[in-house]
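The block underneath contains the structure these notes are about, expressed in structure tokens.
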Amino acid sequence: MDPVSDGDIIRDLREIGVEHRYQADCTLPLENDVSKFVLSITKGYGSVNQILRNGSSVTLGFCGPGDLIGFVMLNNPGVEFRCLSNVEAIRFPARQLRDLWQTHPKLQALFFAILDKRVQEMHNHIIALASHSAQRRVASFLIDRPWFGSAESGLRNTNDEIRLPLLRSEIASHLGLTQETVSRELRGLARAGIIKHTYRNHISILRPESLRDISRGCT
């Protein structure tokens with residue numbers, strides 16, 4: 001919650017929050033806790049998944065530093081948070097956080113900003129699923145790196161080597177594609193000299209502007 005600069009708010013948040021650490025690959029069921037607690041991620045990242053009745057899962061989105069889990073989320077059965085790395089978070093009792101929200105206009109502004117961002121992300125994702133080609137979806141995923149979270153969004157450097165923290169099947173689920181299609185599009189980008197597979201789950205972006213053009217539908 002770095003955007004909060006008011007000293008009173010920070011003090012009050014620290015009084016009700018408890019720091020927690022979770023190991024990579026740890027899964028947190030949210031359906032029972034989401035109405036009771038809110039998690040503010042300070043380090044690491046993870047995915048929010050919906051487990052379907054047939055046992056398969058759909059990746060709904062990602063959370064990283066600066067994001068909240070439980071503040072903007074439907075309390076549906078089968079929703080879980082999977083740590084894609086080691087995660088550090090502050091756990092707030094939802095009732096106390098709501099009480100604090102009532103008395104701090106700056107905190108209200110922060111929460112509305114979080115809500116606006118999440119709605120915009122959902123809006124953009126629905127448009128991508130409905131109208132973007134498979135190549136454009138994969139390129140956007142590599143450019144946007146949604147698992148980074150709000151606090152690190154300004155630190156993304158498209159020239160860096162990146163590690164994909166998800167399985168191909170999870171990327172496919174999030175992008176509305178098959179695993180085979182995701183693999184084919186990644187191979188196509190590699191053959192075009194835009195990216196390079198360095199080793200397992202690691203990709204170097206060799207031509208970031210070309211990748212960005214594809215993500216914008218300019219090619």
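Computed over protein heavy atoms with a 1.4 Å probe, the carbon and sulfur contribution to the accessible area of the range 39-125 reaches 57%. Figure note: W147, W101 ranked by solvent-accessible area, largest first, 1.4 Å probe, ligands and nucleic acids not counted: W101, W147.
The values are calculated or read from the model by the stated rules, or taken from the named source; none is laboratory data. Keep in mind that what you see is a predicted model, and the values were worked out from it rather than measured. These area figures cover heavy atoms from the full protein model, side chains too; ligands, DNA and RNA do not enter into them. Shrake-Rupley method; radii C 1.70, N 1.55, O 1.52, S 1.80 Å.
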